[in-house]
Amino acid sequence: MEPDQTSPENPVIDYATPSDEVRALPLLRFARWVGWIPLYVGVGSLIFWLVTRAYFFIVVGLWTVLLGTITTGIGIVCLIIYYFLNRQSDIERKRKVSSEVSTTIALYVLDYLAAFLCFVVALRFGAAH
């Protein structure tokens, strides 16, 4: 027979028991948002510029690249904090956290690839003329 976990001989100490939840999940969500927003705004401004040829969308695109670079740095700091807050977790949770961090970093790489392609398309279709 197994001893009762809450018996006086085996007291449960709440702060010493491992938590099942991932810590600092808002940091991961924020890091993902700062990855998705520049991607959508940048590609959207390119599409609107291709349709309207309005100078406004060129300015929006350039500001998106600038602010996207700054927010990427902030997002990477958030990911580092998120990763280190969850490094004491069990193996399965560590794998999940590593996977989440990796996919968010891949999103940042996608942002820069999309920005490069937006510049190429804009130059090809006449933004420099």
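Computed FRET efficiency, Cβ-Cβ of Leu25 and Leu50, R0 35 Å: what is it to the nearest 0.05? Mind dumping the intermediate values first?
Working: r = 38 Å, r/R0 = 1.08.
For R0 = 35 Å, the calculated efficiency reads 0.40.
Could I have the simple spin-label model distance between Leu66 and Ile37, label points 7 Å from Cα toward Cβ, reported in nm to one decimal?
About 1.7 nm, to one decimal.
HN-Hα J couplings of region 75-86 from phi, Karplus 6.51/-1.76/1.60, θ = phi - 60°, integer Hz, Gly and Pro as x?
Those phi angles translate into x, 5, 4, 4, 5, 5, 4, 4, 5, 6, 5, 10 Hz.
Are there trypsin sites (Lys or Arg not before Pro) in region 52-129 that DSSP puts in a loop and that have at most 13 other Cβ atoms within 10 Å, and which ones? Could you put the intermediate results ahead of the total?
Values: sites: Arg53, Arg87, Arg93, Lys94, Arg95, Lys96, Arg124; in loops: Arg53, Arg87.
Sparse-neighbourhood loop trypsin sites (Lys or Arg not before Pro): Arg53, Arg87.
Quote the charge dipole size of region 31-129 about the Cα centre in Debye, to the nearest 20; the model charges only the Cβ of Lys and Arg (+1) and of Asp and Glu (-1).
80
So what's the projected area for region 58-129, the Cα convex hull averaged over all directions, in nm²?
Numbers: hull surface 20.6 nm².
Seen from a random direction, the Cα hull of region 58-129 projects 5.2 nm² on average.
All of the numbers you see were taken from the coordinates with simple rules; none came from a lab. What you see is a predicted model, and the numbers here were worked out from it, not measured in a lab. For neighbour counting, all protein chains shown are included, and Cβ atoms are generated from backbone atoms with ideal geometry for every residue, glycine included.
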